[in-house]
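Okay, so here's the structure we're looking at.
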Amino acid sequence: MENPLLSKGQFAQYDKIKPEHFVPATKEILDYAKKENKKLIDFTGERTFDNTLVPEMEISEEVSKVVSPMSQLYSTMTSDEINQEFQKAIQLLTEFGNEMSMDPDNYKMYKDYAATAEAKALTGEKKRHLDNTMKGFILSGAELNDADKDKLKEINLKSSELSLKFSNNIVKSNFELVIKDKKDLDGLPEDSIIGAREKAIAMKIDEGDENTWVFNLDMPSFLPFMKFANNVELKEKLWRAYFTRGTKEGLDNRPLIQEILKLKKAKANLLGFKTFGEFSLEKKMAESPEVVMDFLDNIAVKTEDVSLEEFNEVKGLKEEAFGEKFETLMPWETSYWTNKLKEKKYSFNENEVSEYFSANETLQAFYDIAKELYGIKFEKIDNIPVWHKDVQTFKLVDENNELRSYVYVDLYPRTGQKRPGAWMSGIVSGMNYNGKKTIPQVGVHCNFTPPIGDKPALLRYDEVTTLFHEFGHALHGALSQTQFSATSGTNVKWDVVELPSSFHENFVKTEESLKMIAKHYKTGEPMPKELMDKLLNANDFMRASDARRQITFGMFDMSLHHTESMKDELPLAHEISKKMMVKYNNTPFIDDSYFEAGFSHIFAGGYAAGYYSYMWANILDADAFSLFLEKESVLNRDAGKLFMENILEKGDSEDMNVLFEKFRGRPVSDKALLERLGIK
Ligand SMILES: [Zn+2]
């Protein structure tokens with residue numbers, strides 16, 4: 001039987017691949033990879049970049065040709081069968097990955113090469129790839145003696161157990177707010193009430209009484225309640241439940257946090273770093289924990305006054321409504337009054353706005369903007385296999401008519417088949433070395449409001465922003481011009497990956513370019529100025545306060561993993577979280593609240609000593625876009641060319657600090673971000 005996953009063609013045969021192909025194809029490709037790898041290890045001649053690192057990359061590319069279509073199908077067309085077979089394949093791939101990174105002979109091969117005169121004289125992208133590879137090995141413990149290797153293994157194992165326990169404790173910390181009095185629903189939008197009613201039915205706690213509603217701590221239930229419900233006592237109840245997740249007996253995350261922090265520090269020490277913060281930044285653009293903390297602190301200091309003004313304006317609205325003065329706002333009230341203020345200042349009808357953003361026209365507007373900026377054209381094609389009939393495919397050609405990439409666009413949800421949210425996928429990484437060239441393939445995946453009847457799909461404004469965001473990632477992969485796949489496109493340092501995506505959001509938030517996007521779906525009329533002004537101004541609403549919220553989390557994270565962890569006795573995470581909350585927030589600190597006990601990003605996810613990266617991406621994108629704002633038009637081709645040639649085409653072939661300076665003519669500055677936050 002021929003396995004379509006193993007076909008040698010340029011495009012994956014999505015129309016022929018079945019779940020039963022997953023495991024056999026994975027086994028076959030891994031056998032091939034092991035055999036080829038062994039040949040390379042056993043080679044006894046003089047090692048060169050071309051006979052050692054290049055073939056290693058080629059092996060990875062072959063493996064990726066099998067893995068990539070499986071993961072596309074898993075995330076966009078899943079079924080029980082696909083899920084089951086994909087998990088089996090992933091298991092095999094993980095085992096293979098572990099084997100490779102632990103194999104001393106494999107490491108020795110790279111080390112032997114790194115010791116050659118050729119390796120020492122490398123420059124540019126080749127040097128970058130070798131350095132990245134060696135660093136990867138060293139940070140996984142390849143240089144440790146056997147006893148320390150065992151210690152590291154134990155630390156890694158224990159850490160993942162604790163992280164799992166941490167997130168399970170949060171999941172189990174559920175709380176139901178049961179409402180029996182219709183009056184308590186006042187203020188809530190219809191869909192949120194329907195959701196609460198459905199919960200009551202599903203949980204069978206309504207005993208047939210249709211006046212029973214349930215809210216819980218899941219975001220789609222929790223957030224609208226905090227934002228819209230008029231009943232302040234109930235909001236307080238729900239808020240307190242949320243901020244005591246992971247603190248009840250048997251589910252207490254607080255001791256786990258201290259243990260996790262100790263293990264992280266032990267790991268960093270074992271690998272030769274003073275703190276986990278230093279270890280984490282070894283793989284990021286930001287140079288040191290001090291640089292990160294200075295950057296956050298500087299923005300915090302400069303946004304203090306503006307954020308207090310924002311807070312007082314929100315409080316003022318409550319005072320106006322009640323006809324009396326209040327000393328402060330409690331944390332469970334802010335979302336509600338902030339939303340009221342936003343409605344008052346910028347209220348617009350969501351449906352009316354959507355009429356100006358039909359999906360296909362919006363897509364076309366992105367292509368038009370990209371053409372203006374970079375001279376590239378998206379040309380529709382229909383002769384390559386897709387995973388679903390709704391997927392549109394394009395060929396991307398540049399101004400010299402050279403083919404640059406293939407793009408798959410999949411906009412609408414498929415319940416039960418497609419994972420939620422929006423994302424970009426690097427389906428095939430580009431490369432171009434020694435006469436061998438691979439054209440990159442990328443995917444843009446969204447779950448937008450689908451077309452209803454004969455009306456075209458109309459997007460909400462935030463969906464338009466999401467579309468530009470994901471297309472920003474897509475261009476990073478699609479326009480890549482690196483020599484190697486390992487350094488191409490979005491394979492960049494972790495705190496840099498959101499630069500192209502957040503950068504392209506700016507075109508949705510700037511009048512000149514928004515005018516190109518917003519056209520009435522029936523008449524093609526431009527959006528009325530008054531409506532457009534509201535949309536644009538609403539983008540700036542409460543920006544300083546939002547930034548300080550991010551700073552609270554970022555500083556908490558970096559202090560714990562760096563400055564505080566250098567002390568002889570590690571302080572309680574709660575003391576640090578309280579300190580940060582008090583320092584950066586305008587609402588009073590609530591004594592028995594423990595946001596850290598629910599902070600899975602850093603205690604159960606991959607964000608430890610990395611939470612700052614959200615703000616970091618903003619500083620980069622604001623500074624990058626400020627070049628376009630300095631020009632007569634934000635669609636300036638010269639600026640676009642600089643951004644394309646120095647950022648979008650370069651992947652990880654050079655350090656981003658260097659690339660950014662080439663693009664901007666100077667190092668990164670926070671001036672543009674501060675201006676965006678309302679600080680002149
Ligand atoms: Zn993104």
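Using a Förster distance of 56 Å, how high is the FRET efficiency between residue 270 and residue 240, based on the Cβ-Cβ distance and rounded to 0.05?
Plugging the Cβ-Cβ distance into 1/(1 + (r/R0)^6) gives 0.90.
Expressed as a whole percentage, what fraction of the accessible surface of region 200-279 belongs to carbon and sulfur atoms when a 1.4 Å probe is rolled over the protein heavy atoms?
Details: 2130 of 3920 Å².
On region 200-279, the fraction of accessible area on carbon and sulfur atoms equals 54 percent.
Sum -39500 (n - 2.57) across every DSSP H segment of at least 4 residues in the chain, then divide by the residue count to get the 222 nm mean residue ellipticity, nearest 500.
On the way: 27 runs with 371 residues, N = 680.
Counting only the DSSP helices, I get -17500 deg cm²/dmol.
Filter 583/671; 248/345; 38/135; 265/315; 8/389; 235/325 down to the pairs with a C-alpha to C-alpha distance above 32 Å, please.
Working: 583/671 23 Å; 248/345 41 Å; 38/135 22 Å; 265/315 42 Å; 8/389 24 Å; 235/325 21 Å.
From 583/671; 248/345; 38/135; 265/315; 8/389; 235/325, over 32 Å: 248/345; 265/315.
Leaving out ligands, DNA and RNA, what percent of the accessible area of region 286-339 is carbon and sulfur, probe 1.4 Å?
50 percent
Quick check: Cα centre of region 554-629 to Cα centre of region 16-72, how many Å?
40 Å
With 28 Å as the limit, write out which pairs from 34/437; 436/641; 340/493; 377/437 have Cα-Cα distances beyond it, or answer none.
Details: 34/437 24 Å; 436/641 26 Å; 340/493 40 Å; 377/437 21 Å.
Table pairs above 28 Å Cα-Cα are 340/493.
Rounded to the nearest percent, how much of the accessible area of region 510-613 (1.4 Å probe, protein heavy atoms only) is carbon and sulfur? Walk me through the numbers before you get to the answer.
On the way: 2190 of 4410 Å².
Looking at region 510-613 in its full context, I get 50 percent from C and S.
Could you order 193, 201, 517 by accessible surface area, starting with the largest, using a probe radius of 1.4 Å?
201, 193, 517
Please work out how much accessible surface residue 278 shows to a 1.4 Å probe, ignoring ligands, DNA and RNA, in Å² rounded to 10.
Approximately 50 Å² of residue 278 is accessible to the 1.4 Å probe.
Heavy atoms of the protein only, probe of 1.4 Å, neighbouring chains included. What is the accessible area of residue 637 in Å², nearest 10?
Near enough 90 Å² of accessible area.
Looking at the square roots a ≥ b ≥ c of the eigenvalues of the Cα gyration tensor of region 452-600, which shape do they give, rounded for a/c under 1.5, prolate if a/b is larger than b/c, or oblate?
Values: a/c = 3.04, a/b = 1.58, b/c = 1.92.
Here region 452-600 falls in the oblate category.
Could you give the nm distance between label points at residue 18 and residue 103, where each point is 7 Å from its Cα heading toward the beta carbon?
With each label placed 7 Å out from Cα toward Cβ, I get 3.3 nm.
Could you tell me the distance between the Cα centroids of region 104-150 and region 275-342, to the nearest Å?
One Cα centre to the other: 43 Å.
Using a Debye calculation, one point per C-alpha and no hydration shell, please list log10 I(q)/I(0) for region 7-126 at q = 0.16, 0.22, 0.23 Å⁻¹ in order.
Values returned for q = 0.16, 0.22, 0.23 Å⁻¹ are -0.82, -1.20, -1.27.
Using +1 at the Cβ of each Lys and Arg and -1 at the Cβ of each Asp and Glu in region 281-403, identify which of 403, 289, 341 lies farthest towards the dipole's positive end.
With unit charges placed on the Cβ atoms, the residue in question is 403.
With a 1.4 Å probe and every protein chain left in place, work out the accessible area per residue of region 312-466 in Å², rounded to a whole number. Before the final figure, lay out each step's value.
Numbers: 7440 Å² over 155 residues.
Accessible area per residue, region 312-466: 48 Å².
Placing unit charges on C-beta atoms (Lys and Arg positive, Asp and Glu negative, everything else neutral), compute the dipole magnitude of the chain about its Cα centre in debye, rounded to 20.
560 debye
Normalised by the empirical 2.2 N^0.38 Å for globular proteins, what value does the Cα Rg of the chain take? Before the final figure, lay out the partial values.
Numbers: Rg = 26.5 Å, N = 680, 2.2 N^0.38 = 26.2 Å.
Relative to the rule-of-thumb radius for its length, the chain sits at 1.01.
Given C-alpha coordinates of region 428-540, what is the ratio Rg to Rh with the Kirkwood estimate of Rh?
When Rh is taken as the Kirkwood radius, the ratio is 1.09.
Suppose we look only past 26 Å in the calculated P(r) of region 210-366. What percent of the Cα-Cα pairs does that tail hold?
Working: 7442 of 12246 pairs.
Percentage above 26 Å: 61.
Quote the accessible area belonging to residue 94 in square angstrom, nearest 10, computed with a 1.4 Å probe and with ligands, DNA and RNA left uncounted.
Spelled out: residue 94, probe radius 1.4 Å, area about 70 Å².
Does region 530-616 come out rounded, prolate or oblate by the C-alpha gyration tensor, with a ≥ b ≥ c the root eigenvalues, rounded set by a/c under 1.5 and, if not, prolate when a/b is larger than b/c and oblate if not?
Prolate, since a/c reaches 1.5 and a/b exceeds b/c.
Bin all alpha-carbon pair distances of region 593-680 at 10 Å intervals from 0 and give each bin's fraction as a whole percent.
Result returned by the calculation: 15, 37, 28, 15, 5, 0.
Using the scaling law 2.2 N^0.38 Å as the reference, what is the normalised Cα Rg of region 181-241?
Compared with the compact-globule rule of thumb, region 181-241 sits at 1.03.
Would you work out which of 644, 169, 270 lies farthest towards the positive end of the dipole of the chain? Charges go on Cβ: Lys and Arg +1, Asp and Glu -1.
270
Please go through region 256-350 and write out the trypsin sites (Lys or Arg not before Pro) that DSSP classes as loop and that have at most 11 other C-beta atoms within 10 Å.
325
Let me check something: with ligands and nucleic acids excluded, how do 352, 333 order by accessible area (1.4 Å probe), largest to smallest?
Working: 352 85, 333 15 Å².
From most accessible down to least: 352, 333.
Nearest 20 debye, what's the magnitude of the dipole of region 414-554 about its Cα centre given +1 on Lys and Arg Cβ and -1 on Asp and Glu Cβ?
Roughly 400 debye, rounded to the nearest 20.
Show 540, 382 ordered by accessible area, largest first, where the area counts protein heavy atoms only and the probe is 1.4 Å. Write out the running numbers ahead of the final one.
Details: 540 80, 382 145 Å².
Of 540, 382, the descending order of accessible area is 382, 540.
Which is farthest toward the positive dipole end of region 79-123 among 89, 123, 106, measuring Cα position about the Cα centre, with Cβ charges +1 (Lys, Arg) and -1 (Asp, Glu)?
123
The values are calculated or read from the model by the stated rules, or taken from the named source; none is laboratory data. This is a predicted model, so every value here is computed, not measured. Neighbour counts are summed over all protein chains in view; Cβ atoms, including those assigned to glycine, are modelled from backbone coordinates with ideal geometry. Calculation scope for accessible area: heavy atoms of the full protein, side chains included, ligands and nucleic acids excluded. Shrake-Rupley method; radii C 1.70, N 1.55, O 1.52, S 1.80 Å.
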